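Read through the structure below, which is laid out as structure tokens, and then see the notes.
The values are calculated or read from the model by the stated rules, or taken from the named source; none is laboratory data. Since the structure is predicted, the reported quantities are computational estimates derived from the model, not experimental observations. Note: ideal-geometry Cβ built from the backbone for every residue, glycine included; neighbour counts use all protein chains shown.
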Number of protein chains: 2
Amino acid sequence: MSDKVRLGIIGLGAQGSMYAQFIKNGMVPNMQIGAIADIHAEKRETASREYGVPVYADYQSLLAGGDVDAVVTTVPHYLHPEIGIAALRAGIHALVEKPAGVYTRQVAELNAYAATRPELTFGIMFNQRNNPLYQRIKEIVDGGEIGEIRRTSWIITTWWRPQGYYDQSAWRATWGGEGGGVLVNQAPHQLDLWQWICGIPESVYAKVAYGFRRTIAVEDEVTAVVDYGNGATGTFVTAVHDLVGTDRFEILGDRGKIVVDGSKTATVTRLVDDERKLSDSMDMDDVRKLFMGELDPSSMYTQETIEFDSAWGAQHSGVLENFAANILDGTPLLAPGSDGINGVRLANAIHLSSWLGQEVPLDFDEDRYLTELNTRIREEGKFPERQA
Amino acid sequence: MSDKVRLGIIGLGAQGSMYAQFIKNGMVPNMQIGAIADIHAEKRETASREYGVPVYADYQSLLAGGDVDAVVTTVPHYLHPEIGIAALRAGIHALVEKPAGVYTRQVAELNAYAATRPELTFGIMFNQRNNPLYQRIKEIVDGGEIGEIRRTSWIITTWWRPQGYYDQSAWRATWGGEGGGVLVNQAPHQLDLWQWICGIPESVYAKVAYGFRRTIAVEDEVTAVVDYGNGATGTFVTAVHDLVGTDRFEILGDRGKIVVDGSKTATVTRLVDDERKLSDSMDMDDVRKLFMGELDPSSMYTQETIEFDSAWGAQHSGVLENFAANILDGTPLLAPGSDGINGVRLANAIHLSSWLGQEVPLDFDEDRYLTELNTRIREEGKFPERQA
């Protein structure tokens, strides 16, 4: 291999085109475009003209063509595991787009195969993990600076999408073609960050609105409550119909709190001791002062504001560069491919809870999920049911 | 009756003393203290010395004494309905403290009796309804300015209470003495405002933490999801263990959004049309612009920031003054007593959902609630069980 990884882009839609432009423009110094595959002839013409690389009509031919060291799967979500496995089987490194798949069983299959090929790099495009703000927050939480987590809350409704977005392709926002709505398309970033930073919950209860304010079969709004199993709980709210959306993420711990506004600014409060010890140390006179507004709690904590600029595209190109660096010199992956299943599991559990009208464990019955999903695909009547 | 209502203060604890001071200091111009009742001799001595009014050892004697036109029930919550009914029976106007009671059956009894005495004023101390910010928000919502509600969310964890607060009296934070924790003591204000402004939900699912970070039997943290029955949902989070608490209330509607920070500042967004119509009116080029960050949505809405100063005590004294004005000249009540049951019903439904581990309708089985409550009172072993 040369000093640049030759990337095969499978699917030259909006996302694939963006990555191709990043690489062409030199934003990913350790990568070059090796080949492009697309099932549409006009996309192949564009690919050939614009990038001057070999083009293929299907991913199998691209994998067999010998032009690439690695691929990225910028195709509908259902195909991510299948193409990921095919690439790895062909001895080609695989960067899967998010989500890793639509349902956990297919993603587990991908993970299981990838585990047998440790010599190959298997990554996932969680570009938000490349956001320095969230990296810093993860460091603070992992380092125990705010103590054990008590409560988490993320309202992320900045995913506004007009009806025209859904109407532009036949697979979009269908059960059989896309496998869900905001949970599988937009919110996977936050579902990943939420569990990456705060841990994987044990169970979830959700209210999910299907076609609530958009003419689509799948969900356009989600409210989920999770239980971490140790008394701590969390909430997650997302929607595509809030024109002036909210992005507010709170993490309360035994020794502090983090409030992130707009994925740009984090206010980190560090208590001088465990909150419970501070509470226990207060006498009756302190209580009286508290009620009279005479207690100044600021001696009990410090606050820091963290802010990072983020350049458009830098997150995605950074993941591409990190993926290539892992191939070239073993640089640790920001987002190992095997992590992708966690967000899919959360999304599946949220769907399943809303379908059953009850709390479900994160280790829910995966066959039950697929049966329920296939019921919706069948009723929709546009795409074939999925096999386990 | 003179031009001032003679108020009987039943219970000279922290709250009763505060009202007595307000009246003594002239903050309630249409009220004077008529008499004070307290079961503790030292409180009666204080009352006599400090206010120079007749004092009584029990509320029955105060009601029979002929010194008062009205009473306020600043006593433990379980007693509010009983004393409210006794006052009205004696032909005395009643202002009940919040919450109206601990369980809906006892509050329904109070409401039913009050309905037979329309000539008497029956109010409740929802002092936050006297906050001009929330009055303005209610006007905006009721006036349809943000359209039909899609989603509501209130995180209100500014109710920090140290352990010493709970240890200062034997009835505090017990099932038999207080009947609950943050839901019956601190959060009733927000439970009232939430349903006053956004409407009464049809069902609730809740995760409630009992003695999670405080050594108490009752709840110190609550996460509730409500369903309004028309596709709209809401969340409500409250806790007493967040030293740097959050107070953030969001209401998303079909034509706009309101975000209230710290019960002080509201950002009101008004869309130029129904969000769905704006969504439908966008063509493919707009969608492309949206994804390229080239779409400026600000032409689709206007924003206004609303801010009010609030003076300490003004809310409570305002409710006292409004209550007296209703008695004297029929001024409409800010908070009719019969409204008190709505917040109690929400709190009961939240408890019951957490006890049963399932979603419960707001018209839950009230006998079931009382049975579950009595189970906890019995296990606690400190106070007698409650009779229906």
I need a count of the residues in segment B:301-321 that are in a helix (DSSP H, G or I) and polar (S, T, N, Q).
2
Output the number of the condition that B:Gly181 fails; it satisfies all remaining conditions of (1) away from chain A (no Cβ under 14 Å); (2) surrounded by 24 or more Cβ atoms within 10 Å (Cβ to Cβ); (3) farther than 24 Å from B:Phe126 by Cβ; (4) not aliphatic (A, V, I, L, M).
(3)
Determine which member of the set B:Glu275, B:Glu221, B:Glu294 is more than 26 Å from the chain's Cα centre (by Cα) and facing another protein chain (nearest Cβ under 9 Å).
B:Glu275
The one condition in (1) under 22 Å from A:Phe122 (Cβ atoms); (2) without any contact (Cβ under 8 Å) to a residue 12 or more places away in the chain; (3) not hydrophobic (A, V, I, L, M, F, W, C) that A:Gln21 fails to fulfil
(1)
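Out of A:Glu148, A:Glu139, which single residue is more than 21 Å from the chain's Cα centre (by Cα) and within 17 Å of A:Cys198 (Cα to Cα)?
On the way: A:Glu139 fails: more than 21 Å from the chain's Cα centre (by Cα).
It is A:Glu148.
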Among the residues of segment A:101-112, are any under 24 Å from A:Leu328 (Cβ atoms), at pLDDT 95 or above and not in a helix (DSSP H, G or I)?
no
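Please determine, by comparing only the residues of segment B:245-264 that are of a type in the set (Val, Ile, Thr), touching a residue at least 60 places away in the same chain (Cβ under 8 Å) and under 29 Å from A:Gly256 (Cβ atoms), which one is farthest from the other protein chains (Cβ to nearest Cβ). Break it down into steps so the answer makes sense when it comes.
At the first step, the residues of segment B:245-264 found to be of a type in the set (Val, Ile, Thr) are B:246, B:251, B:258-260.
Now restrict to residues that are touching a residue at least 60 places away in the same chain (Cβ under 8 Å): B:246, B:251, B:258, B:260.
Narrowing the set further to residues that are under 29 Å from A:Gly256 (Cβ atoms) leaves B:246, B:260.
On the way: B:Thr246: 6, B:Val260: 12 Å.
Here the answer is B:Val260.
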B:Leu110 fails exactly one of (1) touching a residue at least 12 places away in the same chain (Cβ under 8 Å); (2) under 20 Å from the mean Cα position of the chain (by Cα); (3) within 22 Å of B:Ser317 (Cβ to Cβ), namely (3)
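For segment A:329-350, which residues satisfy the criterion of being within 13 Å of the chain's Cα centre (by Cα) and part of a loop (DSSP other than H, G, I, E, B)? Full working, then the answer.
Taking segment A:329-350 as the starting set, the residues that turn out to be within 13 Å of the chain's Cα centre (by Cα) are A:334-347.
Hits for segment A:329-350 are A:Leu334, A:Ala335.
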Could you look through segment A:69-85, keep only residues that are part of a loop (DSSP other than H, G, I, E, B) and out of contact with any His (no Cβ under 9 Å at 6 or more places or on another chain), and pick out the one that is farthest from A:Leu7 (Cα to Cα)?
A:Tyr78
Only one residue in B:Tyr78, B:Tyr59 is aromatic (Phe, Trp, Tyr) and more than 25 Å from B:Asn326 (Cα to Cα). Which one?
B:Tyr78
Give just the number: which of (1) farther than 26 Å from A:Leu370 by Cβ; (2) out of contact with any helix residue (DSSP H, G or I) (no Cβ under 6 Å at 6 or more places or on another chain); (3) surrounded by 24 or more Cβ atoms within 10 Å (Cβ to Cβ) does A:Val5 not satisfy?
(2)
Checking B:Met284 against (1) over 23 Å from B:Gly181 (Cα atoms); (2) crowded, with 20+ Cβ neighbours inside 10 Å; (3) at the interface with chain A (Cβ under 7 Å from one of its Cβ atoms); (4) of a type outside the set (Lys, Arg), which test does it fail?
(2)
Taking the condition within 15 Å of A:Arg151 (Cα to Cα), facing chain A (nearest Cβ under 7 Å) and in contact (Cβ under 8 Å) with a residue 12 or more places away in the chain, does B:Thr269 pass?
no
Restricting attention to segment A:193-218, which residues are farther than 18 Å from A:Val259 by Cα and more than 10 Å from every other protein chain (Cβ to nearest Cβ)?
A:Ile200, A:Pro201, A:Glu202, A:Val204, A:Ile216, A:Ala217, A:Val218
Please work out which one of (1) buried (at least 23 other Cβ atoms within 10 Å of the Cβ); (2) closer than 24 Å to B:Gly293 by Cβ; (3) in contact with a helix residue (DSSP H, G or I) (Cβ under 7 Å, 6 or more places away or on another chain); (4) in contact (Cβ under 8 Å) with a residue 60 or more places away in the chain is the condition A:Thr157 fails and give its number.
(3)
Per the filter on segment A:217-253, residues charged (D, E, K, R) and out of contact with any Leu (no Cβ under 8 Å at 6 or more places or on another chain) are A:Asp220, A:Glu221, A:Asp227, A:Asp247, A:Arg248, A:Glu250
Condition first: closer than 28 Å to B:Leu370 by Cβ, facing chain A (nearest Cβ under 7 Å) and touching a Lys or Arg at 6+ places or on another chain (Cβ under 7 Å). Can you find one or more residues in segment B:225-232 that meet it?
yes
Restricting the search to segment B:35-53, which residues are out of contact with any helix residue (DSSP H, G or I) (no Cβ under 9 Å at 6 or more places or on another chain) and either surrounded by 15 or more Cβ atoms within 10 Å (Cβ to Cβ) or within 20 Å of B:Asn322 (Cα to Cα) (or both)?
B:Arg44
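Evaluate segment B:132-144: report whether one residue or more is among the acidic types (Asp, Glu), within 30 Å of A:Met284 (Cβ to Cβ) and without any contact (Cβ under 8 Å) to a residue 12 or more places away in the chain. Quick ask: steps written out before the conclusion?
Residues of segment B:132-144 among the acidic types (Asp, Glu): B:139, B:142.
From the residues that got through so far, the ones that are within 30 Å of A:Met284 (Cβ to Cβ) too are none.
No: segment B:132-144 contains no residue that is among the acidic types (Asp, Glu), within 30 Å of A:Met284 (Cβ to Cβ) and without any contact (Cβ under 8 Å) to a residue 12 or more places away in the chain.
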Taking only pairs six or more apart or across chains, which ones have beta-carbon atoms under 6 Å, a first residue in segment B:60-76 that is in contact (Cβ under 8 Å) with a residue 60 or more places away in the chain, and a second residue that is charged (D, E, K, R) and assigned to a strand (DSSP E or B)?
B:Val68/B:Arg6; B:Asp69/B:Arg6
Take the conditions touching an Asp or Glu at 6+ places or on another chain (Cβ under 7 Å), crowded, with 21+ Cβ neighbours inside 10 Å and more than 14 Å from every other protein chain (Cβ to nearest Cβ) and apply them to B:Gly343. Does it pass?
yes
